[in-house]
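Novice: Okay, here's the structure, questions in a sec.
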Amino acid sequence: MANELWTKVDHYFDERLVCADAPLQGAVEAAREAGIPAIQVSPTQGKFLMVLASALGARSVLEIGTLAGYSTIWLARGLAAGGHLVSLELNEKYAEVARGNLQRAGVADRAAVRVGAASAILQQLIQERADFDLVFIDADKRSYPDYLSAVLRLTHPGSVIVADNVVRDGRVLEESSADADVRGIRRYIEMLAAEPRLLSTALQTVGEKGYDGFAISRVQGSS
Ligand code: SAH
Ligand code: DHB
Ligand code: MG
């Protein structure tokens, strides 16, 4: 549940710093019209992803969980010139709406949606020897541990991995939760903690999407 003050502060930043334009607002509108749940990142979070991609000079971005392409547009806008993005989505209908949104945002030339179970497409990407500078994990939470294992084979020293929804109103603390998503998030955090190749932290967030958080990791090593 979003607190009224958190929402007001988000709107204060939205108006001054985020300034989501017609294609971004249209993407949210198209999703609503198609009956797609409004679970996309908030505007401030979307712009955070753009700032991050831009700061990294990202030439290749992988997103796991497209929905209607709202976060995809932000990430694509942060790409370096000539860069490309691949976003994975299980739901064919969502992917079609996302493609329309990417088209209208003028990023369809650099952002592709691949439809199917992310775990299967990640294996294909490994076969293709794909390599990404930035990865945004935001699909089914129960599969985050599997996604991380694959992503470690799809990144290089200096790559950054961001995972959404790692707090979920504090449910991450539920040690013996029966919820597969909570268990997946907790296992993901344990994997980060145990992985010497990753430098990791997590940040709690509040805002118009309520109380949640991101885990952020850098793949270690030279370069
Ligand atoms: N990143 C989006 C929100 C993603 S919501 C944004 O911020 O705009 C999570 C998405 O993951 C949903 O669209 C859901 O259909 C998709 N998803 C769920 N399970 C999946 C799977 N196994 N493989 C690929 N996508 C999946
Ligand atoms: C849900 C998924 C998300 O990625 C998110 O940011 C919020 C909610 C969900 O499945 O309910
Ligand atoms: Mg999310």
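Novice: Could you give me the ³J(HN,Hα) list for the range 96-113, computed from phi with Karplus coefficients 6.51, -1.76, 1.60 and θ = phi - 60°, whole Hz, x at Gly and Pro?
Specialist: 5, 5, 4, 4, x, 5, 5, 4, 5, 7, x, 10, 5, 6, 10, 10, 10, 9
Novice: Any idea what Rg and Dmax come out to for the chain if you just take the C-alpha atoms, in Å?
Specialist: 16.5, 47
Novice: Report the full-extension gain for the segment ARG110 to ILE39: residue separation times 0.36 nm, less the Cα-Cα distance, to one decimal in nm.
Specialist: 23.2 nm
Novice: Here is a follow-up. Taking H as built 1.01 Å from N, whose amide H comes closer than 5 Å to the amide H of SER87, not counting residues under 5 places away?
Specialist: Distant-sequence amide H within range of SER87: GLU63, ALA112, VAL113, ARG114.
Novice: Ok, one more. When ranked by the protection proxy of mean other Cβ atoms within 10 Å per residue, highest first, what sequence do the peptides 47-53, 126-132, 197-203, 65-71 form?
Specialist: 65-71, 47-53, 197-203, 126-132
Novice: Treating the Cα atoms of the range 1-92 as identical point scatterers in vacuum, please give the log10 of the normalised Debye intensity I(q)/I(0) at q = 0.19, 0.22, 0.24 Å⁻¹, two decimals.
Specialist: Here log10 of I(q) over I(0) equals -0.95, -1.18, -1.28.
Novice: Of all the accessible heavy-atom surface of the range 106-223, with the other protein chains kept in place and a 1.4 Å probe, what percent is carbon and sulfur?
Specialist: Solvent-exposed carbon and sulfur of the range 106-223 make up 48 percent of the total.
Novice: Then there is this: Tell me, how many Å apart are the Cα centres for the range 145-183 and for the range 18-75?
Specialist: 20 Å
Novice: With a cut-off of 19 Å, note down the residues of the range 90-130 whose backbone N falls inside the zone around a label point 7 Å from the Cα of CYS19 toward its beta carbon.
Specialist: Answer for this model: 105-106.
Novice: HN-Hα J couplings of the range 130-140 from phi, Karplus 6.51/-1.76/1.60, θ = phi - 60°, integer Hz, Gly and Pro as x?
Specialist: After applying 6.51 cos²θ - 1.76 cosθ + 1.60, I find 5, 8, 10, 7, 9, 10, 10, 9, 8, 9, 4 Hz.
Novice: Another question, then. Using only the alpha carbon atoms of the range 39-144, find the Kirkwood hydrodynamic radius as the inverse mean reciprocal pair distance, in angstroms to one decimal.
Specialist: 13.5 Å is the Kirkwood radius here.
Novice: Rounded to the nearest angstrom and ordered from largest down, what semi-axes does the equivalent ellipsoid of the range 25-71 get from its C-alpha gyration tensor (root of 5λ)?
Specialist: Working: eigenvalues 104, 25, 13 Å².
Calculated on Cα positions only, the semi-axes equal 23, 11, 8 Å.
Novice: A further question follows. Please list, in chain and number order, the residues 5+ apart from TYR211 or on another chain whose amide H is under 5 Å from its amide H, with Hs placed from the backbone.
Specialist: Sorted by chain and number, the residues that satisfy this are ASP169.
Novice: OK, next. What is the antiparallel percent of DSSP beta bridges lying wholly in the range 132-223, to the nearest 5?
Specialist: 75 percent
Novice: Then there is this: How much accessible area per residue does the chain have, in Å², with a 1.4 Å probe?
Specialist: 48 Å²
Novice: Taking just the C-alpha trace of the range 121-199, give me its Rg and Dmax in Å.
Specialist: Gyration radius and largest Cα-Cα distance of the range 121-199: 13.0, 38 Å.
The values are calculated or read from the model by the stated rules, or taken from the named source; none is laboratory data. These figures come from a predicted structure and were not determined experimentally. We place every Cβ from the backbone using ideal geometry, glycine too, and count neighbours over all the protein chains shown. Note: areas computed on protein heavy atoms with side chains; ligands, DNA, RNA excluded. Shrake-Rupley method; radii C 1.70, N 1.55, O 1.52, S 1.80 Å.
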